[in-house]
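**Student:** First the structure, which I've put down as C-alpha cells, then a few questions once you've had a look.
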Amino acid sequence: MRFLVIHTDPHHTDFRHERAVLEPIGARLETRNATTEAEVAASCQEADALLVTYAKIGRTALLGMPKLKIVVRTGVGYDVVDLAAATERKVMVCNVPDYCVSDLTEHTMALLLAWWRRIPELDQQVRREGWGRAIRPVYRLEGKTLGIVGMGRMGQALAVRAKGFGLRLVGFDPYVPETVFRSLGVERAELDALCRDADIVSIHSPLTAETRHLIDARRLSLMKQTALVVNTARGGLVKTDDLVAAIREGRIAGAALDVVEEEPLPMEHPIRSLPRVLLTPHAAWYSEDAEPELRRRAAEIVAEGLTGKRPASLVNPEAWG
C-alpha cells in the first residue's frame, strides 16, 4: 500500500464506504481511539492522511506526523484543527461542507417550529394531565422575521424552506454576494440590525477566531424580549453563559440548540433547567442517508489530496502545492 490513512476517532465500526474509495488508490485505512492531541501525536506518527471526527489536531500533533499531507474533518466545521499550524506545515485541511444540507435545515425548521408552537410542553401536558389546554402565549409564525446569520449552503437552504411558512427573511454574511441574497428574497442587513429586527435568529456561520462568541451579551441585549435563538451550527458561536443569563432574566424568550460550547453538555449545566430551551444532542447532521454520504465524501477528499488533486473543499489554499 502506498499510503496510510488513519481515522483518529470514528463513531462507527463498518468502514466499507471508506475502503471502497481508498483501497483502489493504494491506501490502507486504520483506526484509533484518539480524541486528545496527545493521543493523536502518540498514535498517528506514520499517517499520510487523517480522517477526524472530534479529535484535536494541534501544532504538537502536526509536528509529530512528518508524512502527513491532508486532514479531512468528517463534518462541516473544522475548528478542531489548528489551521495556522497546518498551513505552516503545508498540510491541507478540508471539510465535507455539502453532505447534510437537507438534514440540518430540516432539523433547524423542526426545532424552530416545535419551540414556536410549544410542542414539547403540550406533549408533556397531555401525557401528564390526560388532555389539558392551550399553553399561552403562542404567536402566529407567518409574517414574523427570521434572521439568518451565515448565508452559505445551510443558510441558503434554510431560506428556501422558511419562505414557505410566510416568514420575512433577513440575512447577514459579509462574504456572500448581493446576487445570492436577491435570488432568495433575503434582505441584507448588518448583524446588529438583524439582531434588533428578527423574531427568530438562526445561526449558520462557521466557527473561526473571527466568529467565536458572535452572539454574546451585547448582541443578545439588542434582541426583542420575544426573540428565539436557534443554533444548529457550532456551539462556540454563542457565548453560553450570556445566553443563559439573557433567558433567565427575560431579556429574550428562549433558545433551540443542537450545539453548545461544551459537548457533551454537563448534567449540572444551568441551561438544562431553563423552561423555554429546547435541546438536541448535536444530531442535526444525521440521517440514514447522510451518514454513508459523509463517509464516502470524506474518503474521496482524502483520495484527491493523496493523488495530487486539489480538493474542492480545501479551507487553507496556502497549503496547496
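Each reported figure results from applying straightforward, stated rules to the coordinates on display, with no laboratory input. All of these numbers come straight from a predicted model, not from anything done at the bench. Don't worry about glycine lacking a Cβ; one is built from the backbone with ideal geometry, like all the others, and counts go over all protein chains shown.
**Student:** Which values of log₁₀ I(q)/I(0), to two decimal places, follow from the Debye formula for region 251-321 at q = 0.11, 0.18 Å⁻¹ with a uniform point scatterer at every Cα?
**Tutor:** These q points yield log10 I(q)/I(0) values of -0.52, -0.82.
**Student:** Additional query: Using the Cβ atoms and a cut-off under 11 Å, what net charge is assigned to the surroundings of residue 168, where Lys and Arg are +1 and Asp and Glu are -1? Can you show the working numbers first?
**Tutor:** Numbers: positive: 144, 163; negative: 142, 187, 197, 199.
Result for the neighbourhood of residue 168: -2.
**Student:** What list of ³J(HN,Hα) values in whole Hz, one per residue of region 82-88 in order, does the Karplus curve 6.51 cos²θ - 1.76 cosθ + 1.60 (θ = phi - 60°) give from phi, with Gly and Pro shown as x?
**Tutor:** 3J(HN,Hα) across region 82-88, in whole Hz: 6, 5, 5, 5, 5, 5, 4.
**Student:** What are the radius of gyration and Dmax of the chain, computed over its Cα atoms and given in Å?
**Tutor:** Over the chain's Cα set, Rg and Dmax evaluate to 21.2, 66 Å.
**Student:** I need the fraction of alpha carbon pairs in region 101-279 separated by more than 30 Å, rounded to a whole percent. Before the final figure, lay out each step's value.
**Tutor:** Working: 2313 of 15931 pairs.
Result: 15 percent of Cα pairs exceed 30 Å.
**Student:** With θ set to phi - 60°, apply the Karplus curve 6.51 cos²θ - 1.76 cosθ + 1.60 along region 312-321 and write out the HN-Hα couplings as whole Hz, x wherever there is a Gly or Pro.
**Tutor:** Going residue by residue, I get 5, 9, 5, 9, 10, x, 5, 7, 5, x Hz, with x marking Gly and Pro.
**Student:** Through the Karplus equation 6.51 cos²θ - 1.76 cosθ + 1.60, θ set to phi - 60°, convert the phi angles of region 126-142 into ³J(HN,Hα) values in whole Hz; use x for Gly and Pro.
**Tutor:** 4, 5, 7, 10, x, 8, x, 8, 5, 8, 10, x, 10, 10, 5, 6, 4
**Student:** Compute the whole-percent fraction of alpha carbon pairs in region 122-202 spaced more than 19 Å apart.
**Tutor:** Working: 1449 of 3240 pairs.
Of all Cα-Cα pairs in region 122-202, 45 percent lie more than 19 Å apart.
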